[in-house]
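*Asks:* Here it is: the structure, laid out below.
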Amino acid sequence: MRIATWNVNSLNARLARVEEWIDYARPDVLCMQETKLADAAFPSMAFSALGYESASHGDGRWNGVAIVSRVGLDDVARGFDGPADDQGTRLLAATCGGIRVHSVYVPNGREVGSEHYEAKLAWYGELLAYLERTAKPTDKVAVCGDFNVAPDDRDVWDPAAMVGSTHVTGPERDRLRALEEWGLVDAFRLCYAQDQLFSWWDYRAGNFHKHMGLRIDLVMVSRPLSEGVTYAVIDRNARKGKQPSDHAPVLVDIDI
């Protein structure tokens, strides 16, 4: 099973690039974030033409998540059905080829100590509670998306430059660790241990070409799936060219 995640930063603006990427990368399941589309406007027919079923959770403003699958897409669930949904359309789940797949777009947090930062930490708590309610660590579970946290310093271009900023603070990393303690594994790190491997680069100041980025896009899988991980890659080529997203897709192969 090939599972991928990509913050497309507006599917309207990036649809042709996503179609092109699907054509050569051939994921079985692709989770997308920041689609910025209402469900009624989601381009289901475009994905259907490529052989994929699709589900979307978006309100047409910011945020928005989606899952497209060519191995089945059943039991779709949208949101937490609770207070955390006040932060927008950020969680979508579906069963694809026997795996419970979640596409997540964690809040940014904006500024350490702000109400947005506290809301980000609370959202992580809601995600953990949701998993505890709906799944077991022994199930086949994948949580994929833009986590807006660099798991550790090797995932940051310059840790000293990020001190005092969101995405790297202890409380944020602790929330991500809580998901690991529940039973999720960072699939990419099963294949690569080295530092300076990023999935996001700011559009400004030529940061992509300067290799000044963060690894914040993750494919987290339960232990039964982690044992079958055979390959992973961050596709930097998809961050190049005309009008790219500021994120690159992350792809993981799992022998199930």
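*Asks:* Given the residues Y24, Y52, which is the only one that is open to solvent by 20 Å² or more (accessible area, probe 1.4 Å) and aromatic (F, W, Y)? Can you show your working first?
*Replies:* Numbers: Y52 fails: open to solvent by 20 Å² or more (accessible area, probe 1.4 Å).
Residue meeting the stated conditions: Y24.
*Asks:* Scanning the stretch 163-192 for residues that are touching a Leu at 6+ places or on another chain (Cβ under 8 Å), more than 26 Å from P224 (Cβ to Cβ) and part of a helix (DSSP H, G or I), which turns out most open to solvent (accessible area, probe 1.4 Å)?
*Replies:* So the residue we want is P171.
*Asks:* Assess whether V101 counts as being among the β-branched types (V, I, T), at pLDDT 95 or above and open to solvent by 50 Å² or more (accessible area, probe 1.4 Å). Working first, answer last.
*Replies:* Values: among the β-branched types (V, I, T): yes; at pLDDT 95 or above: yes; open to solvent by 50 Å² or more (accessible area, probe 1.4 Å): no.
Against the criterion (among the β-branched types (V, I, T), at pLDDT 95 or above and open to solvent by 50 Å² or more (accessible area, probe 1.4 Å)), V101 does not qualify.
*Asks:* Check off (1) open to solvent by less than 60 Å² (accessible area, probe 1.4 Å); (2) out of contact with any strand residue (DSSP E or B) (no Cβ under 9 Å at 6 or more places or on another chain); (3) of a type outside the set (F, W, Y) for M32 and give me the number that stays unchecked.
*Replies:* That leaves (2) as the condition not met.
*Asks:* Suppose we filter the stretch 1-21 for residues that are over 18 Å from G97 (Cα atoms) and either among the hydrophobic types (A, V, I, L, M, F, W, C) or modelled with pLDDT under 95 (or both); how many remain?
*Replies:* Residues of the stretch 1-21 over 18 Å from G97 (Cα atoms): 6-21.
Next cut, either among the hydrophobic types (A, V, I, L, M, F, W, C) or modelled with pLDDT under 95 (or both) only: 6, 8, 11, 13, 15-16, 18, 21.
Residues in the stretch 1-21 being over 18 Å from G97 (Cα atoms) and either among the hydrophobic types (A, V, I, L, M, F, W, C) or modelled with pLDDT under 95 (or both): 8 in total.
*Asks:* Does any residue of the stretch 70-84 turn out to be buried (at least 24 other Cβ atoms within 10 Å of the Cβ) and outside any strand (DSSP E or B)?
*Replies:* Checked the stretch 70-84: no residue is buried (at least 24 other Cβ atoms within 10 Å of the Cβ) and outside any strand (DSSP E or B).
*Asks:* Take the stretch 129-162 and flag every residue that is of a type in the set (A, V, I, L, M, F, W, C), in a loop (DSSP other than H, G, I, E, B) and farther than 19 Å from A187 by Cα.
*Replies:* Within the stretch 129-162, the first condition is being of a type in the set (A, V, I, L, M, F, W, C), and the residues that meet it are 129, 131, 135, 141-144, 147, 149-150, 156-157, 160-162.
Add one more test, that the residue is in a loop (DSSP other than H, G, I, E, B), and what stays is 135, 147, 149-150, 157.
Within the stretch 129-162, just W157 meets the criteria.
*Asks:* A further question on this structure: Among the numbered criteria (1) out of contact with any Lys or Arg (no Cβ under 6 Å at 6 or more places or on another chain); (2) part of a loop (DSSP other than H, G, I, E, B), which single criterion is violated by V219?
*Replies:* (2)
*Asks:* Right, next: Being more than 15 Å from the chain's Cα centre (by Cα) and either crowded, with 20+ Cβ neighbours inside 10 Å or not basic (K, R) (or both) narrows it down to one of A160, A93, A150, A142, so name that one. First the steps, then the outcome.
*Replies:* Details: A93 fails: more than 15 Å from the chain's Cα centre (by Cα); A150 fails: more than 15 Å from the chain's Cα centre (by Cα); A142 fails: more than 15 Å from the chain's Cα centre (by Cα).
Selected residue: A160, the only one of A160, A93, A150, A142 that is more than 15 Å from the chain's Cα centre (by Cα) and either crowded, with 20+ Cβ neighbours inside 10 Å or not basic (K, R) (or both).
*Asks:* Next question, about the same structure. Go through the stretch 23-69 and give me each residue that's without any contact (Cβ under 8 Å) to a residue 12 or more places away in the chain and of a type in the set (F, W, Y).
*Replies:* The answer is Y24, and nothing else.
*Asks:* Still on this structure, please answer the following. Would you mind finding the one in R223, R215 that is of a type in the set (K, R) and over 18 Å from the mean Cα position of the chain (by Cα)?
*Replies:* Details: R215 fails: over 18 Å from the mean Cα position of the chain (by Cα).
R223 is the lone residue from the list that is of a type in the set (K, R) and over 18 Å from the mean Cα position of the chain (by Cα).
*Asks:* With open to solvent by 10 Å² or more (accessible area, probe 1.4 Å) and part of a helix (DSSP H, G or I) as the only criterion, which of E111, E126 stands out? Before the answer, list the steps.
*Replies:* Values: E111 fails: part of a helix (DSSP H, G or I).
Of E111, E126, the one residue that is open to solvent by 10 Å² or more (accessible area, probe 1.4 Å) and part of a helix (DSSP H, G or I) is E126.
*Asks:* Filter the stretch 193-239 down to residues that are in contact (Cβ under 8 Å) with a residue 60 or more places away in the chain and charged (D, E, K, R) and give me whichever is most open to solvent (accessible area, probe 1.4 Å).
*Replies:* R223
*Asks:* Of the residues H102, H116, only one is in a helix (DSSP H, G or I) and not acidic (D, E); which? Even if it seems obvious, please write down each step before you answer.
*Replies:* Numbers: H102 fails: in a helix (DSSP H, G or I).
Answer to the selection: H116.
*Asks:* Are any residues in the stretch 53-92 closer than 19 Å to I254 by Cα and of a type outside the set (D, E, K, R), and if so, which ones? Before the answer, list the steps.
*Replies:* First pass over the stretch 53-92, keeping only residues closer than 19 Å to I254 by Cα: 67-73.
Residues satisfying the conditions are I67, V68, S69, V71, G72, L73.
The values are calculated or read from the model by the stated rules, or taken from the named source; none is laboratory data. Please read all numbers here as calculations on a predicted model, not as lab measurements. Counting neighbours? That spans all protein chains shown, and the Cβs are built from the backbone with ideal geometry, glycine included. The accessibility values were calculated without ligands, DNA or RNA, using every heavy atom of the protein model including side chains. Shrake-Rupley method; radii C 1.70, N 1.55, O 1.52, S 1.80 Å.
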